[in-house]
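The values are calculated or read from the model by the stated rules, or taken from the named source; none is laboratory data. All values derive from a computational prediction rather than experimental measurement. As a convention, Cβ positions derive from the backbone with ideal geometry for all residues, glycine included, and neighbour counts pool all protein chains shown.
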Amino acid sequence: MTITKELNGSSLSLALAGRLDTATAPQLEAELKQSLAGVTDLTLDFAGLEYLSSAGLRVLLGAQKTMGRQGTMVIRNVNETIMEIFEVTGFVDILTIQ
Amino acid sequence: MKRRPIRRQVQRMVLVLCVAALVLTGLLWAGSLFTLRDTVQRDNRGLGGSAADAGGEALLAQMEQNLYKGVRSEAAVVDEKLERYAGYVRDFVFYARRLYEEPEAYVPKEVLPPDAESQYTYTMQLVLRDETVDEQALQDEVGLLANLVHIWQPVMTGEKETIASIYLCTESGFMINYDERSDLTPEYFDYTGSSWYQAARNAGRVIFTVPYMDTFGRGLMLTCAAPMFNAAGRFSGVMCIDMMVEDMCRSVLDINFGAGSYGFLVDGEGDIIVSPQMNYDGTFENVRDPDCLAHEAARNIMGSTAGVTPTSGGLYYAYAPIDAANWALVIHVPADMVTAPAEDIRTDITARTDATAGVMDESILRTGIISLVIFFLIVGAVVAVSGSFSRHLTGPLLELREDVEHISSGDLTHQAAVRRNDEIGDLAGAFNAMASSLDSYIKDLTAVTAEKERIGAELDIATHIQASMLPCIFPPFPDRKEFDIFASMDPAKEVGGDFYDFFMVDDTHLAVVVADVSGKGVPAALFMVIGKTLIKDHTTPGRDLGEVFMEVNRLLCEGNSEEMFITAFEGVLDLETGELRFVNAGHEMPFICPAGGRYEPRKVRPGFVLAGMETTRYRMGTMTLQPGDRLFQYTDGVTEATNAKNELYGMERLEAVLNRNVNAAPGELLPAVKADIDDFVGDAPQFDDITMLCLEFKQMMNASDPNELTVQAAVENIPAVTDFVNERLEALDCPVKAQMQIDVAIDELFGNIAQYAYDPATGPATVRVDVEDDPLAVRITFIDQGKPYDPLARADPDVTLSAEERQIGGLGIFMVKKTMDDVKYEYRDGQNILTVKKRLAP
């Protein structure tokens, strides 16, 4: 998985490409951990993301909790497979998906 | 520190010593002089004082003596004179008695009343007591007594100077006066009331009156009187001589014992009767009056003895009695007059002493100034001489310094000019010798260094060649999934004796070799090349490794003139079965780490070293590796690494560090072990090459069943498993969405096994793919030998909770259950077996 990062003031945009699974989720988690301080608008672009597993969900949940306290988190360009996972797991109700 | 040139130091030291000596000498000398001066002055003063005192005392004694003698002789003169007059009077009285006793024998002589015409002629004048006296009745007595002129005349003639007049007065009432001043003689004169008349009659002997002013104005007079007696022996009158005091006592008045001295006469009553200072008004000063003389003197004077008495008032009184008149002669002398000469001596000596001291002071001052001038001259001379001497001493040193600077700047052929035959000359000679030695030494060194550099360069090339002979590209077989291998060799010297090797014997067999050539350096490296080549050449597919080593040993022994040998371990892994065949020629035991287990040394039978003995036999051993198992082999450079305290690294430390990194891949394990060795060794030098090799058997080559994959249960292996399954799915025309869901399921399920089944260790996991037809479905089975765990037993998570309330556990398996068509779990034969089914056709 690759993460393309773009920081504009307090707006952080992360574009993910590849698979967000058990092996790669720690990579995103580490990225968020070091970048979220002071960020009020977090945008996750899933256009290049093939799928995600529960490990990825765990990281997203953590990010959502953090951003819920300090701003907003938006997920864009979610494909069908991933949307299905969000739906199955009830994450559509938790996340802001555009 | 401030620079202090030797020249200045020498100069300063000499100067300080010189000045100190001069100042000390000067001070001692000056002190002696002043002491001498003071002593002389003091002694002189003392001498002067003593002399003055002694002189004064002597003078006083002398003076007292003189006074005593003088006063006695003067008194004797006066006494004798008075006695002479007293004798006259006594003679007159005797003659008068003769006249009274024998009137018939003398012719009566006529005596006339005083006649002024006869003045200046010695005549007898008759004076009556008063008018009542009958002149006629006294005619006989007058005529008789007038015969006295016979004796008076010679006396008067002899004593004209002193005697004013000679006369007699009778009880009968007349007076016969014999002198030359008849003009002054009255006709009547009542003498009976006169003191001398009374005194003479009362005393009955010769008396002297005190001086008195003459009634007839002749001056100061003194009368010597004596009573006359008639033939019957009855008092008949008084015989007198009037003497001019001035003439009589001339000797007393002339007494002179020095300035302020004078003599005077004292009568028996203590009255001063004759004195040059007297005022003859008829009253007399009395010596016993408190304000006249000192009491002592007065008492002694009145004591009728001769003597000299000093008084507290600074006066001397010398006195002597005058017996004739019961008087005393006193000489008054001021004491300072007596002692003046002594004081003069004292003053003179003191003055002379002071003058001497002044001269000495002046002389000392003059000498001091001269000494000071000499002192500065000497100091100047010392400064000049010591400066010149210091320059003479240090000049060659400065020259030598320039020479040495010349030499130190690189000109080793420069020679210091030796012009002195002393220590500095020796030093210059030593510098020259040093420069020559340095020059030749540097030339030698240059040659040796050049040679060494050439050898070093060649050794460098040898090192490169040796290093390039060891496989050093990792991973060496990137398309081989069955194993991972990593090896390293750190030579102790430029060219080591250790080597490792790995190569594919054929498509399914991997050979690994770790060996250690005895000795170091180029010979060991050459032998290593031979050994390595022979082992690789003779390891052929299917060949017994014991035979391989026996052949290699035989070949090495043939050309081993240097008596070198090799310890070596070779293993050949069958990638399809995991069987590891190995042979050991005197080498260390390998460490084996089963998947999920610990590294432990595996005892393998060691044969004798290679190239040791031509006939040595080697026997092959075998063991079986499971996927995930690892082999670690090394040389004794690891266990015999030594720290500064000469402790060996040892097997225990090696085993410990291996097990601390039990999950590390070979490429991470070896650097970790090397770092641990480096930590242990510290700064101690490395004695031996350190060679390590680690082989991980990751999965078996699936020659028999292509639908099953056994790998180590690790997160890193998820992509491998996913790829394996996807390959199978592609052949089935699987829809993309189903494939995605299956991939997610693999991630969840294999991920669970990797993270939890063998936690905290790891172990093998097998994935099988089975295909069902009608309807087309795929069944994927996950098998592990870890802890029994049924993921389905867990309740589904509540997916309606908010983000804050959400728990993440169980979400993965929940997703699998939702996306797969069937999920089953069973625990059988010590294995967790989880099967998921996904329909691929509608």
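Among strands (runs of 3 or more DSSP E) lying entirely in the stretch A:1-82, which contain 1 or more residues that are in contact with a Lys or Arg (Cβ under 7 Å, 6 or more places away or on another chain)?
Filter on the stretch A:1-82 gives A:11-20, A:41-52.
For the stretch B:115-129, which positions are surrounded by fewer than 18 Cβ atoms within 10 Å (Cβ to Cβ), under 17 Å from B:Tyr167 (Cβ atoms) and not polar (S, T, N, Q)?
B:Asp115
If only one of B:Ser390, B:Ser371 is modelled with pLDDT of 85 or more and polar (S, T, N, Q), which one is it?
Only one candidate passes the filter, namely B:Ser371.
Go over the candidates B:Asp460, B:Asp484, B:Asp498 one by one and state the one that is among the acidic types (Asp, Glu), within 24 Å of B:Phe527 (Cβ to Cβ) and either in contact with a strand residue (DSSP E or B) (Cβ under 6 Å, 6 or more places away or on another chain) or buried (at least 17 other Cβ atoms within 10 Å of the Cβ) (or both).
Checking each option against the conditions leaves just B:Asp498.
For the stretch A:59-98, give me each residue that is at the interface with another protein chain (Cβ under 7 Å from one of its Cβ atoms) and among the hydroxyl-bearing types (Ser, Thr, Tyr).
Result: A:Thr81, A:Thr89.
Quick one: in the stretch B:687-736, which of the residues that are out of contact with any strand residue (DSSP E or B) (no Cβ under 6 Å at 6 or more places or on another chain) and acidic (Asp, Glu) is farthest from B:Leu670 (Cα to Cα)?
Filtering the stretch B:687-736 for residues that are out of contact with any strand residue (DSSP E or B) (no Cβ under 6 Å at 6 or more places or on another chain) and acidic (Asp, Glu), the one farthest from B:Leu670 (Cα to Cα) comes out as B:Asp733.
Can you pull out every residue in the stretch B:352-398 that is exposed (fewer than 12 other Cβ atoms within 10 Å of the Cβ) and either touching a residue at least 12 places away in the same chain (Cβ under 8 Å) or among the acidic types (Asp, Glu) (or both)?
B:Glu362
Just a yes or no: is a residue in the stretch B:170-180 surrounded by fewer than 21 Cβ atoms within 10 Å (Cβ to Cβ) and among the β-branched types (Val, Ile, Thr)?
no
So B:Thr835 passes all but one of these: (1) without any contact (Cβ under 8 Å) to a residue 24 or more places away in the chain; (2) outside any helix (DSSP H, G or I); (3) over 30 Å from B:Asn659 (Cα atoms). Which condition number does it fail?
Against the list (1) without any contact (Cβ under 8 Å) to a residue 24 or more places away in the chain; (2) outside any helix (DSSP H, G or I); (3) over 30 Å from B:Asn659 (Cα atoms), B:Thr835 comes up short only on (1).
Go through (1) farther than 22 Å from B:Ile207 by Cα; (2) part of a loop (DSSP other than H, G, I, E, B) and name the single condition B:Asn300 misses.
Checking B:Asn300 against (1) farther than 22 Å from B:Ile207 by Cα; (2) part of a loop (DSSP other than H, G, I, E, B), the one that fails is (2).
Which residue out of B:Ala761, B:Ala765, B:Ala745, B:Ala803 is hydrophobic (A, V, I, L, M, F, W, C), within 14 Å of chain A (Cβ to nearest Cβ) and within 28 Å of B:Arg598 (Cβ to Cβ)?
The conditions single out B:Ala765.
Quick one: in the stretch B:775-799, which of the residues that are within 14 Å of chain A (Cβ to nearest Cβ), in a loop (DSSP other than H, G, I, E, B) and at pLDDT 80 or above is surrounded by the most Cβ atoms within 10 Å (Cβ to Cβ)?
B:Pro797
What number goes with the only condition from (1) small (Gly, Ala, Ser); (2) in contact with a helix residue (DSSP H, G or I) (Cβ under 7 Å, 6 or more places away or on another chain); (3) more than 9 Å from chain B (Cβ to nearest Cβ) that A:Gly48 does not pass?
(2)
Yes or no: the stretch B:63-75 includes at least one residue that is touching a helix residue (DSSP H, G or I) at 6+ places or on another chain (Cβ under 7 Å) and farther than 30 Å from B:Ala325 by Cα.
no
Considering the stretch B:817-832 alone, what residues qualify as being of a type in the set (D, E, K, R), within 25 Å of B:Pro764 (Cα to Cα) and outside any loop (DSSP other than H, G, I, E, B)?
B:Lys817, B:Asp822, B:Lys824, B:Glu826, B:Arg828
When you check B:Asp688 against the structure, is it at pLDDT 90 or above, crowded, with 21+ Cβ neighbours inside 10 Å and of a type in the set (Asp, Glu), yes or no?
In short, no.
Here are some conditions: (1) at pLDDT 80 or above; (2) in a loop (DSSP other than H, G, I, E, B). B:Leu438 meets all but one. Which one does it not meet?
Of everything listed in (1) at pLDDT 80 or above; (2) in a loop (DSSP other than H, G, I, E, B), B:Leu438 misses just condition (2).
Examine the stretch B:162-174 for a residue that is farther than 30 Å from B:Leu329 by Cα and without any contact (Cβ under 8 Å) to a residue 60 or more places away in the chain, and state whether such a residue exists.
Yes, the stretch B:162-174 contains a residue that is farther than 30 Å from B:Leu329 by Cα and without any contact (Cβ under 8 Å) to a residue 60 or more places away in the chain.
Based on what the data block shows, is B:Val583 more than 30 Å from B:Gly786 (Cβ to Cβ), in the same structural domain as B:Val638 (by TED's automatic domain parsing), at pLDDT below 90 and touching a helix residue (DSSP H, G or I) at 6+ places or on another chain (Cβ under 9 Å)?
Considered against the rule, which asks whether it is more than 30 Å from B:Gly786 (Cβ to Cβ), in the same structural domain as B:Val638 (by TED's automatic domain parsing), at pLDDT below 90 and touching a helix residue (DSSP H, G or I) at 6+ places or on another chain (Cβ under 9 Å), B:Val583 comes out as no.
Which of the strands (runs of 3 or more DSSP E) contained wholly in the stretch B:189-292 include at least 2 residues that are free of Cβ contacts under 8 Å to residues at least 40 places away in the same chain and in contact with a helix residue (DSSP H, G or I) (Cβ under 9 Å, 6 or more places away or on another chain)?
Because the criterion is at least 2 residues that are free of Cβ contacts under 8 Å to residues at least 40 places away in the same chain and in contact with a helix residue (DSSP H, G or I) (Cβ under 9 Å, 6 or more places away or on another chain), the strands (runs of 3 or more DSSP E) in the stretch B:189-292 that meet it are B:220-229.
Output the residues belonging to the stretch B:614-648 that are in a loop (DSSP other than H, G, I, E, B), free of Cβ contacts under 8 Å to residues at least 60 places away in the same chain and closer than 23 Å to B:Ile566 by Cβ.
B:Thr615, B:Glu640, B:Ala641
Would you confirm, using the coordinates I've provided, whether B:Ala297 is over 60 Å from the mean Cα position of the chain (by Cα), farther than 30 Å from B:Leu427 by Cβ and assigned by TED's automatic domain parsing to the domain that holds B:Tyr262?
When the stated conditions are applied, B:Ala297 passes them.
Condition check: in a loop (DSSP other than H, G, I, E, B), modelled with pLDDT of 90 or more and assigned by TED's automatic domain parsing to the domain that holds B:Asn661. Does B:Arg543 satisfy that?
Yes: the conditions hold for B:Arg543.
If you check every pair at least six apart or on different chains, which have Cβ atoms under 6 Å apart with a residue in the stretch B:676-689 that is under 9 Å from B:Ala641 (Cα atoms) first and a residue that is part of a helix (DSSP H, G or I) and hydrophobic (A, V, I, L, M, F, W, C) second?
Close Cβ pairs (under 6 Å, with a partner that is part of a helix (DSSP H, G or I) and hydrophobic (A, V, I, L, M, F, W, C)) do not exist here.
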